[in-house]
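Notes follow once the structure below has been shown.
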Amino acid sequence: MAEKPFDEKFVQDFTIAVAGNSSDYEIAALHELQGRMIQRIFNDRKASDGSSLGKYLSESYKKKRAAAGRQTAVKDLEFHGDLRKSIKIGTSSGKNVLGFVTDLSRLVAEGQTRQLEKQVFQASDDEIDASWRAYRALFERNTSKF
């Protein structure tokens with residue numbers, strides 16, 4: 001492949017491909033992270049370290065779940081789906097972020113972390129690696145013409 005000339009147009013186009021799309025790269029990474037975390041927490045029922053969320057400690061809460069037709073054999077963090085739906089990509093202080101959109105969901109997550117004595121809503125190393133791969137893949141696609 002022939003080298004491209006290093007001129008002002010090249011620099012301008014490359015700068016736009018890199019810096020002009022950085023938000024897109026971040027969003028791609030955050031979508032990957034969001035999907036993997038939601039899968040782990042709500043479908044696989046695992047903490048950040050890969051361990052099980054365990055069983056319900058409160059008999060009264062188990063009864064409440066059973067009365068609502070929800071399973072009680074193993075702990076899951078989904079009752080109405082509000083906690084899952086609250087994990088969103090947005091902006092904070094001008095930066096792209098992944099977090100809870102409601103204070104109640106944030107408080108529930110903090111309560112589960114305390115109760116389980118393990119991280120649940122913190123990204124695992126594998127999830128972080130996957131999000132970086134998504135970032136790099138989009139970056140490489142946008143800069144491959146250079």
Worksheet item: Which parts of the range 70-94 would a label at SER58 reach, counting a residue when its backbone N lies under 20 Å from a point 7 Å out along Cα-to-Cβ?
Response: 70-86
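Over the chain, what is the mean sequence separation of C-alpha contacts under 8 Å (at least six apart), divided by residue count, expressed as relative contact order in percent? Spell out each step's value before the answer.
On the way: 141 pairs, mean separation 51.5, N = 146.
Relative contact order for the chain comes out at 35 percent.
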Item to complete: Quickly estimate the mean residue ellipticity at 222 nm for the chain, helices only: each DSSP H run with n ≥ 4 gives -39500 (n - 2.57), and the total goes over all residues, rounded to 500.
Response: -16000 deg cm²/dmol
Worksheet item: Cα to Cα, under 20 Å, and not fewer than 8 places away if on the same chain: which lysines meet these conditions relative to LYS62?
Response: LYS46, LYS75
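Ratio of the range 12-62's C-alpha Rg to 2.2 N^0.38 Å, to two decimals? Display every interim value, and only then the final one.
Values: Rg = 19.0 Å, N = 51, 2.2 N^0.38 = 9.8 Å.
This ratio for the range 12-62 stands at 1.94.
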Discussion item. Angle check, please: helix 103-116 long axis (alpha carbons) against the longest principal axis of the chain (alpha carbons), in degrees 0 to 90, nearest 10.
Written reply: 70
Worksheet entry | Most fluctuating residue given options TYR56, TYR135, TYR25, as computed from a GNM of the chain linking Cα atoms under 10 Å | TYR56
Worksheet entry | VAL97 versus ARG84: modelled label distance in nm, points set 7 Å from Cα along the beta carbon direction | 2.5
Worksheet entry | lysines with Cα under 22 Å of LYS95, excluding same-chain neighbours fewer than 8 positions away | LYS85
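Under Stokes-Einstein, with the Kirkwood radius over Cα pairs standing in for Rh, what whole-number D in µm²/s applies to the chain at 10 °C and 1.306 mPa s? Walk me through the intermediate numbers first.
On the way: Rh = 17.8 Å.
After rounding, the answer is 89 µm²/s.
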Discussion item. If you filter the range 30-133 for trypsin sites (Lys or Arg not before Pro), then keep DSSP loop positions with at most 10 other Cβ within 10 Å, what is left?
Written reply: LYS55
Item to complete: Compute the acute angle (0 to 90°) between the alpha-carbon long axis of helix 125-143 and the principal axis of greatest extent of the alpha-carbon atoms of the chain; round to the nearest 10°.
Response: 30
Item to complete: May I ask you to list the lysines whose Cα is less than 17 Å away from that of LYS145, ignoring any residue fewer than eight positions away on the same chain?
Response: LYS4, LYS9
Item to complete: Please name whichever of PHE121, ALA109, SER93 sits farthest to the positive end of the charge dipole of the range 84-125, dipole taken about the Cα centre and charges placed at Cβ: Lys and Arg +1, Asp and Glu -1.
Response: SER93
Fill in: Dipole magnitude (debye, nearest 20) for the chain, charges at Cβ of Lys, Arg, Asp, Glu
940
Worksheet item: Relative to the first principal axis of the alpha-carbon coordinates of the chain, what is the inclination of helix 8-18, with its axis defined by its Cα atoms, in degrees from 0 to 90 and to the nearest 10?
Response: 10
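Given R₀ = 35 Å, FRET efficiency for ALA66-ASP126 by Cβ-Cβ distance, to 0.05? Could you put the intermediate results ahead of the total?
Numbers: r = 34 Å, r/R0 = 0.96.
Between ALA66 and ASP126 the formula returns 0.55.
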Fill in: Extension gain from HIS31 to GLU117, taking 0.36 nm per residue of separation minus the Cα-Cα distance
28.2 nm
Worksheet item: When the Karplus curve 6.51 cos²θ - 1.76 cosθ + 1.60 is applied with θ = phi - 60°, which whole-Hz ³J(HN,Hα) does each residue of the range 67-82 get, with x for Gly and Pro?
Response: 5, 8, x, 9, 5, 10, 5, 10, 5, 10, 9, 10, 10, 9, x, 5
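Based on the Kirkwood radius over alpha-carbon pairs, what value in µm²/s does the Stokes-Einstein equation return for the translational diffusion coefficient of the range 61-146 at 25 °C and 0.890 mPa s?
Details: Rh = 15.9 Å.
In µm²/s, the coefficient is 154.
Every read-out reported here was derived from the displayed coordinates using simple, explicitly stated rules and does not represent laboratory data. Bear in mind the structure is a predicted one, so any value in this text is a computation, not a measurement. Counting neighbours? That spans all protein chains shown, and the Cβs are built from the backbone with ideal geometry, glycine included.
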